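Q: Provided herewith is a single structure, encoded as structure tokens, for subsequent inquiry.
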Amino acid sequence: MSESPRASGSRSEPPPPLDPLVDTHAHLDDPRLRPHLGEILGRARRAGVVQVVAIATTAADSADVVAIAAEQPGVFAAVGFQPNNVVDAVEGDWERIVELASAPRVVALGETGLDRHWDRAPFDLQQAWFQRHLDLARERDLPVVIHCRECEADVAAQLAAMGSPVRGVLHSFTGDRKQAEAFLDLGLHISFAGMLTFANKKLDALREAAAAVPLDRLLVETDSPYLAPHPLRGLGNEPAHVVWTARKLAELRGMDESELACAVTANARALFRLPEADLISPSPCDRS
């Protein structure tokens, strides 16, 4: 068996483990990860990652992440349509999402949301699909995983129109402290990914926000296979690398790393209702 692509193939070695952590956003069905999932989850467990939420972006992906969650201890699924992909939806796709939302080990709807960065899907179509997810989430008492790119005010307005706090997470947050506070006021958790570790000065506002979010509303994620953190930037990403983001988050907040890990893990388990005893198993396929 060939070894999966991994960032530790660079000159940078993974950090010491930080246990426990939950990677709240990983695209495990991606072809860069799926064929090597045993190895990848084994490395994650060795790094201290005990659970992962596998995120879908289409109806087909949703079926895939449900299947992965059924096969893998410690892995759970979120089903839904990413806003840039709604333009490709065909008849029956939404009904498939509704059906899969009741599948075992589905803990959230998403990723859903809005995106003004890419001009791929008409914005009114994105809003209509976002509303579908929000309504279904409320009906099924599930949290929503929200994608937001260059449209914070639009997302906030649509959430405010729900009339009561929305249970969910603004994933891979990239905004500033004021924007974070607006989403917190609407009921959301805020999740930070690898960009928190990038050296760019323009991300200082993001780091300021990360330091200010209340401890009980913080989450961490990889967004694997995207957004590999420093010092692995530009290489492949996988759930084990959430450790880098968690350590940076602890540094920014002046906290003990273990205390931060315990807090964000408790938050993830509360939001997604993850069973504490259902953990990733070390894999015999894992290679150092």
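The values are calculated or read from the model by the stated rules, or taken from the named source; none is laboratory data. None of these values were measured; they are calculated from a predicted model. All Cβ positions, glycine included, derive from the backbone under ideal geometry; neighbour counts span all protein chains shown. The protein model used for the area step is the full one, side chains on, heavy atoms only, and it has no ligands, DNA or RNA in it. Shrake-Rupley method; radii C 1.70, N 1.55, O 1.52, S 1.80 Å.
Q: Say we look at region 1-21 and pick out the residues that are under 21 Å from residue 230 (Cβ atoms) and at pLDDT 95 or above; which of these is surrounded by the most Cβ atoms within 10 Å (Cβ to Cβ)?
A: The qualifying residue surrounded by the most Cβ atoms within 10 Å (Cβ to Cβ) is 21.
Q: Can you work out which of the residues in region 171-229 that are under 21 Å from residue 29 (Cβ atoms) and either free of Cβ contacts under 8 Å to residues at least 12 places away in the same chain or among the hydrophobic types (A, V, I, L, M, F, W, C) (or both) is most open to solvent (accessible area, probe 1.4 Å)?
A: Here the residue is 227.
Q: Still on this structure, please answer the following. Could you check region 108-140 and list, in sequence order, the residues that are out of contact with any Lys or Arg (no Cβ under 8 Å at 6 or more places or on another chain) and among the acidic types (Asp, Glu)?
A: 111, 119, 124, 135, 139
Q: If I ask for residues that are in contact with a helix residue (DSSP H, G or I) (Cβ under 6 Å, 6 or more places away or on another chain) and at pLDDT below 95, which ones from region 228-250 would you list?
A: 230, 232, 235, 236 - these are the residues of region 228-250 that are in contact with a helix residue (DSSP H, G or I) (Cβ under 6 Å, 6 or more places away or on another chain) and at pLDDT below 95.
Table: residues versus (1) part of a strand (DSSP E or B); (2) without any contact (Cβ under 8 Å) to a residue 40 or more places away in the chain; (3) over 23 Å from residue 216 (Cβ atoms).
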{"residue": "95", "(1), (2), (3)": "no, yes, yes"}
{"residue": "102", "(1), (2), (3)": "no, yes, yes"}
{"residue": "114", "(1), (2), (3)": "yes, no, yes"}
{"residue": "117", "(1), (2), (3)": "no, yes, yes"}
{"residue": "120", "(1), (2), (3)": "no, yes, yes"}
{"residue": "136", "(1), (2), (3)": "no, yes, yes"}
{"residue": "159", "(1), (2), (3)": "no, yes, no"}
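Q: Right, something else. Which numbered condition in (1) closer than 28 Å to residue 142 by Cα; (2) surrounded by fewer than 16 Cβ atoms within 10 Å (Cβ to Cβ); (3) modelled with pLDDT of 95 or more is the only one that residue 271 fails?
A: (2)
Q: Something else about it: Give all pairs with beta carbons closer than 8 Å in which a residue from region 34-50 that is in contact (Cβ under 8 Å) with a residue 60 or more places away in the chain and on the phi > 0 side of the Ramachandran plot meets a residue that is open to solvent by less than 30 Å² (accessible area, probe 1.4 Å) and hydrophobic (A, V, I, L, M, F, W, C); count only pairs at least 6 apart in sequence or on separate chains.
A: What qualifies is 48/18; 48/21; 48/243; 48/261.
Q: Moving on to the next point. Within region 71-108, track down each residue that is more than 23 Å from residue 151 (Cβ to Cβ) and of a type in the set (A, V, I, L, M, F, W, C).
A: 75, 76, 77, 90, 98, 100, 101, 103, 106, 107
Q: I've got another one for you. Could you list, in sequence order, all residues of region 65-98 that are more than 24 Å from residue 128 (Cα to Cα), of a type in the set (A, V, I, L, M) and either open to solvent by 30 Å² or more (accessible area, probe 1.4 Å) or out of contact with any strand residue (DSSP E or B) (no Cβ under 8 Å at 6 or more places or on another chain) (or both)?
A: Correct list: 67, 70.
Rundown of residues vs (1) outside any helix (DSSP H, G or I); (2) of a type outside the set (D, E, K, R), yes/no style:
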site: 30; (1), (2): yes, no
site: 37; (1), (2): no, yes
site: 46; (1), (2): no, no
site: 50; (1), (2): yes, yes
site: 53; (1), (2): yes, yes
site: 57; (1), (2): yes, yes
site: 66; (1), (2): no, yes
site: 84; (1), (2): no, yes
site: 98; (1), (2): no, yes
